[in-house]
Every structure is written in C-alpha cells, then in structure tokens.
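Let me begin by presenting the structure, written as structure tokens, before commenting on it.
We did not get these values from a lab; they are worked out from the coordinates using the rules stated. Here the structure is a predicted model, which means the values were calculated and not measured. Because the Cβ atoms are built from the backbone with ideal geometry, glycine has one as well, and the counts that use them run over all protein chains shown.
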Amino acid sequence: MTSTPAQHDRILILDFGSQVTQLIARRLRESGVYCEIWPYNAAPEARIRAFAPKGIIFSGGPASVTEGESPRAPDYAFASGLPILGICYGQQTLAHQLGGTVEGGHAREFGRAVVTVTGDCPITQGVWAKGAQETVWMSHGDRITVLPPGFRVVAESEGAPFALIADDARRYYGTMFHPEVVHTPHGAALLRNFTHGVCGCTGDWTMAGYRAETIAKIRAQVGKGRVVCGLSGGVDSSVAAVLLHEAIGDQLTCIYVDHGLMRANESAQVVKTFRDRFNIKLVHRDASELFLGQLSGVTDPEQKRKIIGRLFIEVFEEEQNKIGGADFLAQGTLYPDVIESVSATGGPSVTIKSHHNVGGLPEGMRMQLVEPLRELFKDEVRVLGRELGIPEEIVGRHPFPGPGLAIRIPGEVTREKADLLRQVDSIYLEEIRAAGLYDTIWQAFAVLLPVRTVGVMGDGRTYDMACALRAVTSTDGMTAEFYPFDMGFLGRVANRIVNEVRGVNRVTYDITSKPPGTIEWE
Ligand code: XMP
C-alpha cells in the first residue's frame with residue numbers, strides 16, 4: 001500500500017530539510033491535491049516518472065547554497081518540463097541552478113515581514129493585487145542578488161528584493177517567504193494557485209475517494225486472509241478498525257487489551273462502540289490484575305513503560321492464539337511515521353522513522369502488515385473517521401499514551417491510585433468540555449502526585465493526596481505551550497475535585513511548556 005491509483009493529480013514535494021516541509025503537504029491536501037514528500041536526494045528520474053507528478057515543489061532547508069556541499073535539486077526536475085515552485089532554500093537553489101546569483105551575509109529576516117506586490121503572475125492571481133502590501137513569514141539569511149535569465153520580480157520586501165519571482169514561459173516560480181505557514185495569511189491561496197492554476201490539478205483527492213480506494217486495496221491485499229488489529233480506543237486504531245471492517249467484515253478480529261490504566265468509562269465505551277454499534281468481532285481482555293500486579297513496587301518511569309509494553313505483547317499474542325492466529329496484523333501507522341527524513345545538514349543520510357505506539361504492535365510476529373492509514377496525516381484520519389460515522393467523542397479525542405495512567409501516577413501505581421486519578425481526570429475533562437474548550441486544547445489530563453498535604457475540611461484536618469492539572473496547545477506534540485485558563489475556571493475545577501474526590505485535598509496547575517518540560521510527567 002505505498003501508492004495511490006494513478007488517476008489522482010499528484011504533486012511532488014522535494015524536501016531540503018525544512019522544519020515546516022510537512023505543512024506544504026498539509027496545505028496541498030487541504031485543497032484536494034494528493035502529494036508526497038521525498039528527500040531531495042531520493043528522487044531519481046525513474047522514480048519521478050513513475051510517480052507522474054503534475055508539478056514539483058522544492059521545500060526550504062537549513063543549508064546555504066553559497067556552501068559548496070549544499071543540496072541541489074535533481075537535474076531531471078528541470079528536464080521534466082514540469083512546473084516548479086521553490087520555497088526559501090528551494091527558491092535559492094532554483095535560482096542558483098538556473099544561472100542566478102545567491103549571496104550570504106545579508107541582514108537576516110526572520111518572522112513576520114511585509115512585501116510589496118510589484119507585478120502579477122499566475123501565483124498571485126485573485127489573491128494579491130499589484131501595488132498591495134501583504135504580510136508573509138520569512139526565515140532566511142541568504143538572498144538572491146542576480147536573477148536567473150527568464151525571471152522577473154513579482155513581490156519584494158526590504159530584506160528580500162526577490163520575495164516572489166516568476167518565469168512564466170517555463171512555469172517556474174520562487175518565494176523567499178514560506179506560503180505554507182499560517183503566518184502567511186494568503187499562503188494557502190498562493191499554493192492553490194500553483195497547484196490548481198499553474199499545474200492544472202483538479203482537487204480530486206477527497207476522503208470519500210480515499211475510503212473507497214483503500215477498501216479496494218485492503219481487499220486486494222488480504223484476499224480471504226484473517227486480520228487482527230490491536231484496538232486501543234484511540235483515534236488511529238479506531239479508524240483503522242472501522243475501515244478494515246468495512247472492507248473485510250468478519251475476517252477482522254480486534255483485540256482490546258485492557259491494562260486497567262484507561263480513563264473513566266473508556267473500556268465500556270470501546271466495547272459498546274465497536275462490538276455493539278459497528279458489529280466488529282472484538283476480544284476484550286481485562287488484564288488489569290496482571291498489569292497492576294507486575295507494576296507493584298515499580299517506581300521508575302522507564303521500567304513501567306517496559307513492563308507495560310512487554311505484557312501488552314504477551315497478552316495480545318495469547319488472545320491471538322486463542323482465536324486461531326491470523327495472516328495479517330493491522331496497524332494505524334500514519335504518514336508522518338513513514339516520511340523519509342532529510343538530515344539537518346541536508347546530507348545524504350536518509351532514515352525512516354520507526355513507529356512506536358504501545359497500542360499496536362507485537363514485534364517479531366510473523367504476519368504481514370496492513371496499514372490502511374499510511375498515507376494520511378492525523379487530521380485527515382479524523383476526517384476519515386467522521387466519514388466512517390465514528391462518534392465524535394472518539395474521533396476528536398485528545399491523544400492518550402499507550403502506558404495509560406501509569407505514567408500519570410509518579411511513584412508506585414496501584415488500583416486505588418488509578419481509581420482516584422480517574423475521578424479527578426473525569427471532573428477536569430467534564431469542566432473543559434462544559435466550557436467549550438476541549439477542541440481548542442491539544443491535550444488535557446490530571447496527574448496524581450506522590451505527596452500528601454495537610455488541608456482542612458469542615459472542622460477536621462485532612463492529610464490527603466495532591467494532584468496536578470495539565471493542559472497544552474500543540475500541533476504535533478513535539479513542542480507545546482501550557483493553556484492559559486482563566487483563574488475562575490481553575491478555581492471551579494479545584495473546588496469540585498477537592499469536594500467530590502475523597503482522598504485528594506490539593507490541586508495545582510502545571511504551567512511548564514515543552515521544551516523544557518515534556519507533556520506527560522513521566
Ligand atoms: P511527551 O510527554 O514526550 O509526550 O512530551 C508527547 C506526546 O506523546 C504521548 N506519549 C506517548 N504515547 N506511548 C504513546 O503511545 C508512550 O509511551 C508515550 N509517552 C508520551 C504524550 O501523551 C503526548 O501526546
């Protein structure tokens with residue numbers, strides 16, 4: 001399942017190592033264009049021809065074309081006669097390779113900048129008018145000083161006289177700024193002008209189409225074989241399971257390993273949704289005694305993770321043997337997990353990121369993999385989930401770590417502590433939903449702290465547990481900002497927790513961003 005049928009218009013994005021290359025793909029897909037990201041040095045002519053793109057985009061990157069060893073676009077990109085859009089570093093290598101001059105040592109422009117539109121071209125059509133001043137997002141040190149033959153300037157800024165350049169005859173365009181980031185307000189429209197206007201893409205990449213094609217592909221791959229899928233109740237495994245079920249019905253069995261460290265009512269909801277509503281064959285194994293037993297006395301976070309990972313595989317294999325084995329193992333691998341990455345220096349090392357999701361994969365199992373979400377980004381998985389009729393409370397759910405509440409209980413994990421934490425967490429999430437904040441926040445949860453503090457309730461002294469509340473905004477979990485709740489909200493939640501959860505008498509709010517903190521406490 002590595003490629004999509006040839007009838008879709010495709011754009012090839014050559015990655016020069018920018019932090020925001022994935023956003024180019026996101027913007028294109030939002031406008032209905034199928035695209036793939038390849039390292040700039042993994043695009044030989046034969047591979048490009050087989051992919052048959054309607055245009056090529058060169059991403060930004062950290063290198064400088066003024067340095068001898070810096071990355072270059074493959075010659076075939078130019079020989080193909082396809083339209084090209086170069087962004088930031090991509091613009092500079094485009095200019096350099098076509099006979100222009102790029103120099104370093106100019107004032108660095110970083111962040112918000114204003115460009116003046118001095119001309120027009122198919123990229124600006126209907127978006128930027130000649131004479132207008134427009135906001136863009138820049139991040140560069142080098143700049144073009146002499147344009148290559150055939151090019152003209154369409155927009156300029158103080159730091160970048162060649163902010164947007166065009167060669168209409170060859171259909172080559174270059175931007176010094178990043179149209180793919182939201183800080184360039186009209187960036188998506190400019191990109192759309194390139195893909196739809198210049199390259200002639202029709203916007204034929206839709207989730208309804210993806211659903212039908214993927215179902216056909218699953219059927220072709222699996223035939224009459226049997227498939228097992230580890231269901232965790234999270235978005236990815238849920239969408240994969242429902243899609244597989246639609247494709248192969250009872251040839252699919254889902255195994256839900258319940259480690260006793262799920263949130264309140266989660267296990268019941270998984271069973272209700274998948275077995276009762278979707279009619280999927282579901283094995284629900286309550287292994288909480290086993291997991292909590294083996295976690296007894298363990299306080300080291302890494303050791304907790306290892307124990308849970310190992311037990312998960314053991315239990316999964318046991319259940320899988322009980323149902324007589326299977327030919328295929330389904331996994332909810334996503335596109336960001338399989339994008340080949342370019343090293344930070346733009347050098348030749350090309351690695352494939354490995355997928356690590358405790359909710360999924362017994363390693364070393366001799367089964368073929370079925371990965372129906374391999375081509376999708378996380379928010380596309382959500383769109384597909386809605387398309388498949390999966391309830392919003394699952395599709396829109398915050399991420400939840402494979403080891404579950406174990407890594408939200410610093411110190412030893414016990415059933416009593418897990419029960420306390422579930423109560424705290426559900427009050428907190430209930431209030432977040434009631435305040436209409438759930439979808440604005442990327443992830444919110446409570447942590448049960450390994451300390452007891454003194455309090456007073458009524459006439460009595462209490463000596464109970466403390467908890468921390470955490471809420472962050474993020475786009476991918478790699479970096480995160482704490483969510484700035486208003487104090488009234490926090491006070492209300494704290495009041496409810498201390499009054500309703502017997503055993504917790506103090507509430508704190510975690511205001512650490514990532515980095516330097518992590519999102520989870522362990
Ligand atoms: P951190 O704590 O590293 O978390 O900032 C980043 C994101 O990853 C999730 N996370 C995990 N997910 N298994 C998972 O499936 C794990 O072991 C794990 N550890 C952290 C975390 O919830 C956050 O969304």
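Key figures for this structure:
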read-out	value
Rounded to 5, the percent of DSSP beta bridges in the chain classed as antiparallel	50
Near-label residues of the range 188-224 by backbone N, under 15 Å of a point 7 Å along Cα→Cβ of residue 7	202-217
Contact order relative to length of the chain, as percent, for alpha carbon pairs under 8 angstrom and 6 or more apart	11
Test item: Cα-centred dipole of the chain, Lys/Arg +1 and Asp/Glu -1 on Cβ, debye	560
Ordering of 97-105, 397-405 by packing [mean C-beta count within 10 Å, highest first]	397-405, 97-105
Label-point gap, in nm, between residue 299 and residue 67 - each point 7 angstrom along Cα→Cβ	4.6
Separation of the residue 453 and residue 437 label points, Cα + 7 Å toward Cβ, nm	1.9
